[in-house]
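Single-structure report; data block below.
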Amino acid sequence: MRINPWSAVLLLGVPVAFLFIFFIVPFGTVAVASFRMPADGGWSAANYVKIATDGYYWGALYLTFKIALWVTLLVLVVGYPLAYTITYNVRSTLLRRIIYIVIVTPLFTSSIVRAFGWLVLLGRKGMVNDTLVALDFVDKPVQILFTEGGIVIGMAYIMLPFMVLTVASILQNINTSLLEAARDLGAHPIVAFLKVTFPLSLPGVIAGSLIVFTLSVSAYVTPSILSGGKKTVMSMLIYQQYAATLNFPFGATLAVALLVSTLLLIAGYLLVIERHAKG
Amino acid sequence: MRRILMLGVTAAGVALAAPSFAQEKLVVAIYGGNWGTAIEKCVFQPFTAATGIGVTSEPSVSTVTRSKLQQQKGNPALDAVWIDGGISELAMADGTVGTIDPKKVPNIANVIDEGVYKRKDGSIYAASTGFYAVGLTYNTKEVKEAPSSWWDLWKKEYEGKVIIPSPVNAAGIPFFLTINKAAGGDIKNVQPGVDRLKTLKVSSYYDASGQGASNFQSGEAIIGAHYATAAWGLADQGLPIAYAVPKEGAPSSDIRIHLVEGTKKKESAEKLINFAISKEAATCLSENLYVGPATKGVTLTDKAKARMPWGPNGSVKSLFLPNWEEVNANRDRLTEIWNKQVAGK
């Protein structure tokens, strides 16, 4: 199919212009600022040297990726069965629509409100601890809030819809006759799932995990509220530089470092997958 | 025909626009939330009623207001701005705030010395419209004996139930310096303060005042360093929360009004500043926000008097007003020390 060159320019131009104005230009400004020195306004790479040579910033970067990875895994473990059930086990269209609405509704609420909700639920006197104590699982309330685990729980809840929707949209398009063929040939349902359904749904898993991972890496509100300042991820350090210390160049350097290292990780991830797919 | 129509439209436009020339409208940066609401109620509404000059408020936090002024330098869209102590000094150094002339703003003579901020050459760049402080906020049901010292936070029975501000909060660094001073350190040597804070078993460090308040609400925290205004706000909601001034001093700051350098509505903006520091406006702000008035001769109700940041019997002298220029010069270093040695312990 050929399209009119003008349509092509328009089709391609609009998103490119959008990206340019709202991403490339602001990011370029940030990247340029990262080479400035706060003291005299001169040019220098000293900010990068500081990050690279100080173990504290490597630690923050490591924690950021570690939390994002746990969030991605947790969301996958919870989200995949959910998407599977909605697609294959819910027969009524109405019920399926209702489930989608329930999954999407939390996205309409501000993440600040949801993080404050977790403060109440996960606290020493919160519902989770009350239940654990009442069921005699623990003697006294356990510390969930203001730990890495607490941050992961809060973020996973926020990220869940992205995984469910991405995976479900792929599952819906899998040709069910393939599954029927596998069953006809005597495959156990679990084997049929592992050999047919799951491999075919991998594009959804990959896309979903990329969305969840990148959103988790850059999330600020949830980790800053649920960490209670005891765990520091990169977004919190960046905010601190821009809002409190007012060292914009160093904040910019941290932002560039986070973006570049995230891109590298994702590139590596995709490369491994591609190799694997070929092999 | 079309031309005639255009003329008509233009004429109508001019006619409609004319009254707005006569009735000037100021654009003023204030705070969000109940602080902004109180300023609108105590200053803007009575000011417009008295002078006919309208005010459009632009809510934002001090650091953002400062950035806006930097971007608008030379052609400001703002006419007057409220900025907190600490950031106010930075705006002065940026050259974005103008000079308040006592001849044009006569009420400045009625403001206490601590509330009038001058450049090295003696010119005034800011006037205080109320002091606030961070002191010992505690749950009266859980904390049996009213605390009186910062060191009470280290008591064994409060372990894991204490909150203090992080450096992102405006009170974070001043609090750090207060503890450091009480522990025998100074701004060059913060090791004594770090050593003490390292041993404090906190529940969490809060960035925003609301986060701190929510910790008291849920019972996650029972004692901590928090704003007097927030403590009394919780008490007004019926929670068993009280506030005490620690004997080592409560780190304090204030909400200050500034004239924007190069405003085209200087005369009206000066009138507004004069009004904001008047006895009536100061009384109203203190009654609503429990900020300590910077204007002399303010008479408060007993309730407000008991809730002043300096306590029922204190004065501005009982506050620990940081040397902001020193704090600003060391903000970077102190935040890094905090990140690595206190939060990341």
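Given the C-alpha centroids of the range B:106-177 and the range B:205-227, what is the distance between them in whole angstrom?
Comparing the Cα centres of the range B:106-177 and the range B:205-227, I get a distance of 15 Å.
Averaged over A:238-247, how many beta carbons belonging to a partner chain fall within 10 Å of each residue's beta carbon?
6
Leaving out same-chain residues fewer than 8 places away, which lysines sit with a Cα under 21 Å from that of A:Lys278?
A:Lys195
On a 31 Å Cα-Cα criterion, which of the cross-link pairs B:Lys144/B:Lys198; A:Lys140/B:Lys141; A:Lys231/B:Lys73; A:Lys230/B:Lys144; B:Lys181/B:Lys271; B:Lys265/B:Lys317 come out too long?
The pairs that break the limit, which is 31 Å between Cα atoms, are A:Lys231/B:Lys73; B:Lys181/B:Lys271; B:Lys265/B:Lys317.
If you take every residue apart from B:Thr96 with its C-beta less than 10 Å away from the C-beta of B:Thr96, what net charge results, scoring Lys and Arg +1 and Asp and Glu -1? Numbers along the way, then the final one.
Numbers: positive: B:Arg66, B:Lys68, B:Lys73; negative: B:Asp94, B:Glu261.
Summing Lys and Arg as +1 and Asp and Glu as -1 gives +1.
Which peptide among B:25-38, B:209-222 comes first, and what is the full order, when sorted by highest mean count of other Cβ atoms within 10 Å? Write out the running numbers ahead of the final one.
Values: B:25-38: 18.3, B:209-222: 21.6.
My ranking of the peptides, most packed first, is B:209-222, B:25-38.
Which one, B:Gly238, B:Ser278, B:Ala208, is farthest towards the positive end of the dipole of the range B:183-327 when Lys and Arg carry +1 and Asp and Glu -1 on their Cβ?
Of the candidates, B:Ser278 comes out farthest on the positive side.
On a 0 to 90 degree scale, rounded to 10, what angle separates helix B:324-337 from the longest Cα axis of chain B?
50 degrees
Pairs of Cα atoms under 8 Å, at least six residues apart: use those to get the relative contact order of chain A, whole percent.
Relative CO of chain A lands at 27 percent.
Quickly rank B:56-69, A:186-199 as a protection proxy: mean count of other C-beta atoms within 10 Å, highest first.
Ranked by mean Cβ neighbours within 10 Å, highest first: B:56-69, A:186-199.
Quick one: what does P(r) look like for the range A:54-278 with 10 Å bins over all Cα pairs, in whole %?
7, 26, 30, 23, 12, 2, 0
By average Cβ neighbour count within 10 Å, what is the ranking of B:75-85, A:145-155, A:40-50, B:234-244 from highest down?
Numbers: B:75-85: 21.5, A:145-155: 23.7, A:40-50: 12.5, B:234-244: 16.8.
Output ranking for B:75-85, A:145-155, A:40-50, B:234-244: A:145-155, B:75-85, B:234-244, A:40-50.
Stretched out fully, how many nm does the piece from A:Ala31 to A:Ala45 gain, at 0.36 nm a residue minus the Cα gap?
3.9 nm
Charges at C-beta only: +1 for Lys and Arg, -1 for Asp and Glu. How large is the resulting dipole of chain B about its Cα centre, in Debye rounded to 20?
Numbers: 38 positive and 33 negative charges, 76 e Å.
That gives chain B a dipole magnitude of about 360 debye.
What residue among B:Leu289, B:Leu300, B:Leu319 shows peak mean-square fluctuation when chain B is described by a Gaussian network model with Cα springs under 10 Å?
Result for chain B, Cα springs under 10 Å: B:Leu300 fluctuates most.
Under 19 Å Cα-Cα from B:Lys155, which aspartates and glutamates qualify once same-chain neighbours fewer than 8 residues away are excluded?
B:Glu142, B:Glu145, B:Asp195, B:Glu220, B:Glu248
I'd like the mean, over residues of A:119-131, of how many other protein chain beta carbons sit within 10 Å of each residue's own Cβ.
Taking the mean over all residues of the peptide, I get 3.
Please check: in the Gaussian network model of chain A (C-alpha springs, under 10 Å), which one of A:Ser224, A:Ser235, A:Ser177 has the largest mean-square fluctuation.
Largest GNM mean-square fluctuation: A:Ser177.
Quick check: net charge around B:Lys41, other residues with Cβ under 14 Å of its Cβ, Lys/Arg +1 and Asp/Glu -1?
-3
For chain A, which DSSP H helices look membrane-span-like by this rule: Cα extent along the axis of 20 Å or more and mean Kyte-Doolittle of at least 0.0?
Working: long enough: A:5-19 (21 Å, 1.93); A:55-84 (43 Å, 1.32); A:148-172 (34 Å, 1.66); A:198-218 (30 Å, 1.73); A:248-278 (45 Å, 1.47).
The answer, listed by residue number, is A:5-19, A:55-84, A:148-172, A:198-218, A:248-278.
How large is the Rg to Rh ratio of chain B when both quantities use alpha carbon positions and Rh follows Kirkwood?
Result for chain B is an Rg/Rh of 1.04.
With N set to the number of residues, divide the alpha-carbon radius of gyration of the protein assembly as shown by 2.2 N^0.38 Å and report two decimals. Walk me through the numbers on the way to the answer.
On the way: Rg = 28.9 Å, N = 624, 2.2 N^0.38 = 25.4 Å.
Here the Cα radius of gyration is 1.14 times the empirical estimate.
Throughout, read-outs are computed from the coordinates displayed, never taken from laboratory work. This is a predicted model, so every value here is computed, not measured. Please note: Cβ atoms are built from the backbone with ideal geometry, for glycine as well, and neighbour counts cover all protein chains shown.
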